[in-house]
2 protein chains.
Amino acid sequence: VVQQVKVGFLGCGTVGSEAVRILRDRSDAIRRYTGVDLGVARVAVRDPGKDRDLPSDWLTTDAESVVADPEVAVVVELMGGLDPAGELVAAALRSGKPVVTANKELVSKRGGELLDLAEKANVDFLFEAAVGGGIPLIRPIAESLAGEDIRRVMGIVNGTTNYILTRMTEEGGSFDDILADAQRLGYAEADPSADVDGHDAAQKAAILASLAFGTRVHADDVFTEGIRGVSGEDIEMARRLGYVVKPLAVCEFVDGDEVSVRVHPAMLPDTHPLANVRLSMNAVFVEGTSAGEQMFYGAGAGGGPTAIAVVGDIVDAARNLVQGARGPHMSRPALHPVRDITRIDNEFYLRLEVVDRPGVLAALAGAFGDNGVSIKSLIQEGHGDDAEIVLVTHTCAESDMRETLVELASLDSVEEVAAVIRVLGEDE
Amino acid sequence: VVQQVKVGFLGCGTVGSEAVRILRDRSDAIRRYTGVDLGVARVAVRDPGKDRDLPSDWLTTDAESVVADPEVAVVVELMGGLDPAGELVAAALRSGKPVVTANKELVSKRGGELLDLAEKANVDFLFEAAVGGGIPLIRPIAESLAGEDIRRVMGIVNGTTNYILTRMTEEGGSFDDILADAQRLGYAEADPSADVDGHDAAQKAAILASLAFGTRVHADDVFTEGIRGVSGEDIEMARRLGYVVKPLAVCEFVDGDEVSVRVHPAMLPDTHPLANVRLSMNAVFVEGTSAGEQMFYGAGAGGGPTAIAVVGDIVDAARNLVQGARGPHMSRPALHPVRDITRIDNEFYLRLEVVDRPGVLAALAGAFGDNGVSIKSLIQEGHGDDAEIVLVTHTCAESDMRETLVELASLDSVEEVAAVIRVLGEDE
């Protein structure tokens, strides 16, 4: 006998309406295939007068009443933000109802507490849709790779910044021009800060790091640098050096007990699998000691893809609920400290505007040598006022690079440190 | 209270010993992270005298005794082949023990029956390791994409053939030379037939199609064409036309109720995400109506990667067992018929050795036109005895192409149809 499980939605925008549509249109396939009979009971919306293809008796503006409704067995939170979403999710979990959410801010800032509530109630708190849209990431990392010793996760997890950098790379435009065009075409928000300054990716990085290393990383602990400083000149120079500039979220297990979690633009070798991830596509590259390198690729946003992730989680939560079971997500984390960025090693790309006269190289070499940073390759370009030096260092600590930059800035022969971009993905 | 779950292994070669090592070395991390305390109880091996880093009281040559051992709660089958693996797996499931296997032959030939047994016993029959080594595929497709209307799955699921075709592409060598070198380096077996003739990939394709479309496809129902016929000349011509030749497994949902499942070399546009999957790496590309295009990439074979998939399944099976629950895999399939290859549409690449004289093109055009096949692009190459015509057709049915080939072979102006390769992955 297949038991019907009714779902209550908090919020019904693009993702919510698509998820409701899938639950209605594909209920037969889902029931046959997964053994769960899913239905929709209630939908909390801001404006019930808006034209929707939903029975009017499903709709309410009272989100709390959806959580409390005895008919609602699984709660799907798609409102976004911390408040009131956080309290509604907590209330649902406390009352023994599994929760599915796409809310990356909530998971990356209150995830630990909500997972504890879920564990106490022996129900699921699932958030596949919070990272990478429809790309299965959370379940593969938490379940399929449960035995893996994951060392590093590098992801392109923000479609807007990948779109902008891809177009800058392929068309040669400036950041401002491409951003404006992206806004016009709907690939970037009117206020682009959450994307281009890296906050969206930082929340996703916190979630990925928590999963990959069995720990709990808060979004505020993620070092975040946006892509506003990436110039067309550096992208072109990267191309000449065999690199591509990508907006990366990087999660690393470092020296036994600490993790590094950071978001910044980075140069990757143009042969790296992430280098071919174009426009608004997302991908997450996982490196582990047993399985080696793996990559998960797909659309990282949009109603359809995100709804697929939400529905997958609903099926999982409902199956577990019917069976009195619960998935394994992040039950007992190890709480690895997050290492400060100054103690993280990278290679660095630098572009320096220099005075065109003898002795410049010697002065530069001194600044690097003083701080124990060695230079891997160097190109001298232009003459007179346009003289530039572009170089890539060997791996060094961020703190040593920062000392080097201070010393470089103090040199008479250096007019400006025009660009500093981290270089990743080389074989060591 | 964490309950310990003891695992019994049937077979302990490369994959088995690595899985046992992971269960021993990472048991703390696995327990903390997933809430399951895993231990090894018994290991059935062919030669107990072989040097192994295992307690001798675990070892036995009697596989049946491992299945029957009351201490063994989860059975891991890594013997391969149908017999005796099939009967041992069936016996374990009948006695209410979940089974984890990496045995693609068993799953692709007796999977339906074994899944029925598992359902009857309310335990899991899991086989993540049977396709794509350590790449999470089964769980993402069956669970994360449970709501998706999957239209097509295209995979590079055999590392040996991808290795050979990649080296032929990058070095320009012949199939025979590269195969011999691959055998020397351990990338191909002494008897390479299972790989180069497509049988290994056909078994994996049957499993992928069954999962993706919620049906049951037997390995024998998969149309299979190996890569022995791919020449360096065609690979080079593909490159000039903007294609790469890849060993593909293709699973498609066609016209409402039927599926197509086939394994053959194919030309893909060099911009396709699968085109960059090099050497022995595997990847599976999934196309669905809501989530769009997704790709899963990683090492498709080897002890480490495959063991990771096995351990992920053990964790899942053990967690479910402790909770009296069961995963959703392929419970009630829809049994879509497999459409015969003759009724499947593709574009085709053809290379024809022709007589170098006027009127050849008109004769060719007639043969194509008679069978309703239209030509998309055509290149005439060489002179005299070396005259060749290379062309790519628009999409047409395999049966129409076969009729065309018969007619081409009968033409005086055609000396030989030197190559026929299907072309996939173009936007329609």
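The values are calculated or read from the model by the stated rules, or taken from the named source; none is laboratory data. Since the model is a prediction, treat every value here as computed from it, not as a measurement. Neighbour counts run over all protein chains shown; Cβ positions are idealised from the backbone, glycine included. Surface accessibility is based on the protein's heavy atoms, side chains included, excluding ligands, DNA and RNA. Shrake-Rupley method; radii C 1.70, N 1.55, O 1.52, S 1.80 Å.
Every residue in the range B:386-416 that is without any contact (Cβ under 8 Å) to a residue 24 or more places away in the chain and among the polar types (S, T, N, Q), please.
B:410
Do we find a residue being modelled with pLDDT of 95 or more, open to solvent by 10 Å² or more (accessible area, probe 1.4 Å) and more than 9 Å from chain A (Cβ to nearest Cβ) anywhere in the range B:280-292?
Yes, the range B:280-292 has at least one match.
Based on what the data block shows, is residue A:90 at pLDDT 95 or above and not basic (Lys, Arg)?
It is true that residue A:90 is at pLDDT 95 or above and not basic (Lys, Arg).
For the range B:325-335, does any single residue satisfy the condition of being touching a strand residue (DSSP E or B) at 6+ places or on another chain (Cβ under 6 Å) and either surrounded by 22 or more Cβ atoms within 10 Å (Cβ to Cβ) or over 27 Å from residue A:286 (Cβ atoms) (or both)? Show your work before the answer.
So in the range B:325-335, the residues touching a strand residue (DSSP E or B) at 6+ places or on another chain (Cβ under 6 Å) come out as none.
Taking every residue of the range B:325-335 in turn, none turns out to be touching a strand residue (DSSP E or B) at 6+ places or on another chain (Cβ under 6 Å) and either surrounded by 22 or more Cβ atoms within 10 Å (Cβ to Cβ) or over 27 Å from residue A:286 (Cβ atoms) (or both).
Could you please find all residues in the range A:1-59 being part of a loop (DSSP other than H, G, I, E, B), of a type in the set (Val, Ile, Thr) and open to solvent by 30 Å² or more (accessible area, probe 1.4 Å)?
A:1, A:2
Taking the criterion of being at pLDDT below 95, exposed (fewer than 13 other Cβ atoms within 10 Å of the Cβ) and assigned to a helix (DSSP H, G or I), would at least one residue in the range A:396-409 satisfy it?
Scanning the range A:396-409 turns up no residue that is at pLDDT below 95, exposed (fewer than 13 other Cβ atoms within 10 Å of the Cβ) and assigned to a helix (DSSP H, G or I).
Answer yes or no as to whether residue B:101 is modelled with pLDDT of 95 or more, open to solvent by 10 Å² or more (accessible area, probe 1.4 Å) and among the polar types (S, T, N, Q).
Spelling it out, it is not the case that residue B:101 is modelled with pLDDT of 95 or more, open to solvent by 10 Å² or more (accessible area, probe 1.4 Å) and among the polar types (S, T, N, Q).
Give the residue, chosen from B:250, B:230, B:261, B:245, that is touching a residue at least 40 places away in the same chain (Cβ under 8 Å), open to solvent by less than 10 Å² (accessible area, probe 1.4 Å) and farther than 29 Å from residue A:271 by Cβ.
B:261
If a residue counts only when it is within 14 Å of chain A (Cβ to nearest Cβ), which helices (runs of 4 or more DSSP H) contained entirely in the range B:80-178 have at least 1 such residues?
The qualifying helices (runs of 4 or more DSSP H) are B:104-121, B:159-171.
Kindly indicate whether any position in the range B:311-321 is farther than 26 Å from residue B:216 by Cα and open to solvent by 10 Å² or more (accessible area, probe 1.4 Å).
yes
Residues in the range A:236-273 that are in contact with a Leu (Cβ under 8 Å, 6 or more places away or on another chain) and of a type in the set (Phe, Trp, Tyr): how many?
1
Of everything in the range B:60-94, what is open to solvent by 30 Å² or more (accessible area, probe 1.4 Å) and of a type in the set (Val, Ile, Thr)? Give them in sequence order.
The one that is open to solvent by 30 Å² or more (accessible area, probe 1.4 Å) and of a type in the set (Val, Ile, Thr): B:61.
Taking the range B:303-320, which residues are facing chain A (nearest Cβ under 8 Å), within 21 Å of residue B:156 (Cα to Cα) and out of contact with any strand residue (DSSP E or B) (no Cβ under 8 Å at 6 or more places or on another chain)?
Answer for the range B:303-320, where residues must be facing chain A (nearest Cβ under 8 Å), within 21 Å of residue B:156 (Cα to Cα) and out of contact with any strand residue (DSSP E or B) (no Cβ under 8 Å at 6 or more places or on another chain): B:307, B:309.
Those residues that are hydrophobic (A, V, I, L, M, F, W, C), more than 17 Å from the chain's Cα centre (by Cα) and buried (at least 24 other Cβ atoms within 10 Å of the Cβ), I need them from the range A:146-192; list them, please.
If the condition is that a residue be hydrophobic (A, V, I, L, M, F, W, C), more than 17 Å from the chain's Cα centre (by Cα) and buried (at least 24 other Cβ atoms within 10 Å of the Cβ), then A:146, A:179 are the ones that fit.
Can we say residue B:422 is surrounded by 13 or more Cβ atoms within 10 Å (Cβ to Cβ), under 27 Å from the mean Cα position of the chain (by Cα) and either among the β-branched types (Val, Ile, Thr) or assigned to a helix (DSSP H, G or I) (or both)?
no
Name every residue in the range B:354-371 that is open to solvent by less than 60 Å² (accessible area, probe 1.4 Å) and not in a loop (DSSP other than H, G, I, E, B), in order of residue number.
Hits for the range B:354-371 are B:354, B:360, B:363, B:364, B:365, B:366, B:367, B:368, B:369.
With (1) more than 17 Å from the chain's Cα centre (by Cα); (2) within 7 Å of chain A (Cβ to nearest Cβ); (3) open to solvent by 10 Å² or more (accessible area, probe 1.4 Å) as the list, and residue B:299 as the residue in question, which single condition is left unmet?
(1) is the only condition that residue B:299 fails.
I need the full set of residues from the range B:215-274 which are hydrophobic (A, V, I, L, M, F, W, C) and within 13 Å of residue B:199 (Cβ to Cβ), in order please.
B:219, B:222, B:223, B:227, B:249, B:263
Quick check: is even one residue across the range A:267-276 at pLDDT 95 or above, more than 11 Å from chain B (Cβ to nearest Cβ) and under 16 Å from the mean Cα position of the chain (by Cα)?
Checked the range A:267-276: no residue is at pLDDT 95 or above, more than 11 Å from chain B (Cβ to nearest Cβ) and under 16 Å from the mean Cα position of the chain (by Cα).
Search the range A:357-383 for residues being touching a strand residue (DSSP E or B) at 6+ places or on another chain (Cβ under 9 Å) and charged (D, E, K, R), and hand back the single one that is nearest to the other protein chains (Cβ to nearest Cβ).
Going through the qualifying residues, I end up with A:376.
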